[in-house]
Amino acid sequence: MNQHRTQTTTFDIALLPGDGIGVDVTREAVKVLQALTPKLDGVKFAFHEYSVGAGEYLKHGNPLPDEAFEACRKADAVLLGAMGLPNVRWPDGKEMTPQIDLREKLQLYCGLRPIRLYHEHDTPLKRYKVGEIDLVIVRESTEGLFSGRQSQASPDKDEVCDVMRITRAGSERVCRSAFRVAQKRRNQVTLVDKANVLPSMVYFRSIFDAVAKEFPDVHSGHVYVDAAALYLVQRPHTFDVLVTENMFGDILSDLAAGLIGGMGMAPSADIGDGCAVFQPSHGTAPDIAGKGIANPIATILSAALMLEWLKHPATVKGAELIRRAVETVLEDPAQRTPDLGGRLTTTEMAKKIIARL
């Protein structure tokens, strides 16, 4: 972050459009941030774009070049589109996931997945109105069942095992993050685990309960992951903040996105102690890439999360302006991209949001 004599603060943003529709939606999010800048007293953004993902691998053999990683490590924040393509895989058959590499290498342990209903038209749960579904999933993003992803497994073997890794340090820091998020919301945290079956989850729960004592103002509780899936469909309004293991969070985030219109409405952030990456929860959707029909809202709302995380008074104000603009645009059920039953293009949706800033 650079401060000039005029008291202008310039935030350096590493821009990683990635693959597929990541390129399409990131472009529009940057347009929103550029349109917003004149309203942010004393704040500017310097965007530095880097090639990452499956396309970069096909060109140069590395989906996350050292230059791009170092830029992410040094930047004030990272705005990412989406990475990976189903048909571009490592020799062992696994899809490339440089976004997970970033989480692990930069220790971005706090995966924020905000879920908010902007219009009753967009939910399959028709009894819910605007804002009545409003929760945050806090996903531990550096260990859990994902910790075994680098292991090799031959199809000739008779057995393959994945290891659920739960550490005290990792659990404490993500649980504390969840409680701090709740203190800014409705003071309620629910641990999602499988402590009735898995020893690792019994351990995770014991750490959660210990951390809960540090936050006496926040109500805490537990729910098993299978029950959480049921309750998210039956009564999502009863949840405020849910904290959970990596794989459970991955699955429940998609389920929760389905309650508010789908992945195109689901922003996310992966936050560590010194770095943070902001990206839509959706993937690269290569079948619609370049067609101009992808929903940019998840990426635009991710940019709002980025502004909030930067903690400058002007960027915090800017985050709220973006959210209000999105909500105002979506008040009209006809203003939708095709994933929500509308006809707006990616660019048209962004333009409408910019007009409402």
Between Leu108, Leu232, Leu259, which gets the highest mean-square fluctuation from a Gaussian network model of the chain, Cα cutoff 10 Å?
-> Leu232
Relative contact order as a percentage, the stretch 250-357, C-alpha pairs under 8 Å and 6+ apart, gives 23 percent
Given the C-alpha centroids of the stretch 140-198 and the stretch 253-295, what is the distance between them in whole angstrom?
-> 20 Å
Residues Tyr109, Tyr224, sorted so that the one with the fewest Cβ neighbours within 10 Å comes first = Tyr224, Tyr109
Relative contact order computed over the stretch 1-73 (Cα-Cα under 8 Å; 6+ residues apart), in percent = 34 percent
With x for Gly and Pro, the residue-by-residue ³J(HN,Hα) of the stretch 335-344, computed from phi through the Karplus equation 6.51 cos²θ - 1.76 cosθ + 1.60 at θ = phi - 60° and given in whole Hz, is 8, 9, 7, x, 4, 10, x, x, 10, 5
Reachable aspartates and glutamates, given that their alpha-carbon falls under 19 Å from the alpha-carbon of Lys291 and they are not under 8 places away in the same chain = Asp19, Asp24, Glu28, Asp339, Glu348
Listing Ser177, Ser51 by rising number of other beta-carbon atoms within 10 angstrom, fewest first, gives Ser51, Ser177
When the Karplus curve 6.51 cos²θ - 1.76 cosθ + 1.60 is applied with θ = phi - 60°, which whole-Hz ³J(HN,Hα) does each residue of the stretch 66-77 get, with x for Gly and Pro?
-> 4, 4, 5, 4, 4, 5, 5, 5, 8, 5, 5, 6
Expressed as a rounded percentage, what relative contact order does the stretch 123-194 have, with Cα pairs under 8 Å and six or more residues apart?
-> 27 percent
Please turn the phi angles of the stretch 296-311 into ³J(HN,Hα) values with the Karplus equation 6.51 cos²θ - 1.76 cosθ + 1.60 (θ = phi - 60°), one per residue in order, whole Hz, x for glycine and proline.
-> x, 5, 4, 6, 5, 5, 5, 4, 5, 4, 4, 4, 5, 5, 5, 6
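Any read-out appearing in this document is the output of simple, stated calculations on the displayed coordinates, not a laboratory observation. Being a predicted model, the structure only gives us computed values, none of them experimental. All Cβ positions, glycine included, derive from the backbone under ideal geometry; neighbour counts span all protein chains shown.
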